[in-house]
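Values quoted throughout were computed directly from the atomic coordinates according to the rules given, and no laboratory measurement underlies them. Being a predicted model, the structure only gives us computed values, none of them experimental. All Cβ positions, glycine included, derive from the backbone under ideal geometry; neighbour counts span all protein chains shown.
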Amino acid sequence: MSNMEIVELDATGLICPMPLLKAKLALSELNEGQQLCVRTTDQGSMRDFQVFAEQSGHLLLSSEQQGDVYTHLLQKNESP
């Protein structure tokens with residue numbers, strides 16, 4: 001798996017806290033520098049992923065909404 005590969009996670013249809021929990025599990029499987037793209041329909045995820053990034057040390061590269069779908073792009077950083 002190269003560092004440039006973006007891993008996709010479809011968490012649509014799941015409600016809080018499942019999208020974030022699935023994202024945390026997926027990030028634990030990645031190497032430092034790899035990116036994870038999470039799609040969810042949970043509107044609370046906009047705040048949840050921002051807080052998670054601040055607390056975990058991972059980078060939240062982008063968060064956007066298109067209709068009822070929220071897409072978050074995270075980059076795994078070295079564990080603190």
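Ranked by how many other Cβ atoms sit within 10 Å of their own Cβ, fewest first, the residues His58, His72 fall in the order His58, His72. If you add up the charges near Leu36, with Lys and Arg at +1 and Asp and Glu at -1, over every other residue whose beta carbon is less than 13 angstrom from its beta carbon, what do you get? Net local charge, Leu36 excluded: -1. Under a Cβ-Cβ cut-off of 13 Å, what is the net charge of the residues other than Leu21 that fall near it, where Lys and Arg count +1 and Asp and Glu count -1? The answer is 0.
Excluding Thr12 itself, what net charge comes from residues whose Cβ is under 10 Å from its Cβ, given Lys and Arg +1 and Asp and Glu -1?
Numbers: positive: Arg39; negative: Asp10, Asp42, Asp68.
With Lys, Arg at +1 and Asp, Glu at -1, the neighbours total -2.
Would you indicate which of (i) 31, 24, 19; (ii) 40, 29, 16; (iii) 46, 27, 20 is the value of Cα extents along the principal axes in Å derived from the coordinates of this structure? Computed from these coordinates, Cα extents along the principal axes in Å corresponds to label (i). Along the axis of the charge dipole computed for segment 2-75 (Cβ charges of +1 for Lys and Arg, -1 for Asp and Glu, origin at the Cα centre), the listed residues Pro17, Leu61, Phe49 are led at the positive end by Pro17.
If we sort 32-45, 5-18 on the protection proxy, mean other Cβ atoms within 10 Å, highest first, what's the order? Numbers along the way, then the final one.
Working: 32-45: 18.4, 5-18: 13.9.
Top to bottom by mean Cβ count within 10 Å: 32-45, 5-18.
Against the main long axis of the alpha-carbon atoms of the chain, helix 45-56 sits at an angle near 30°.
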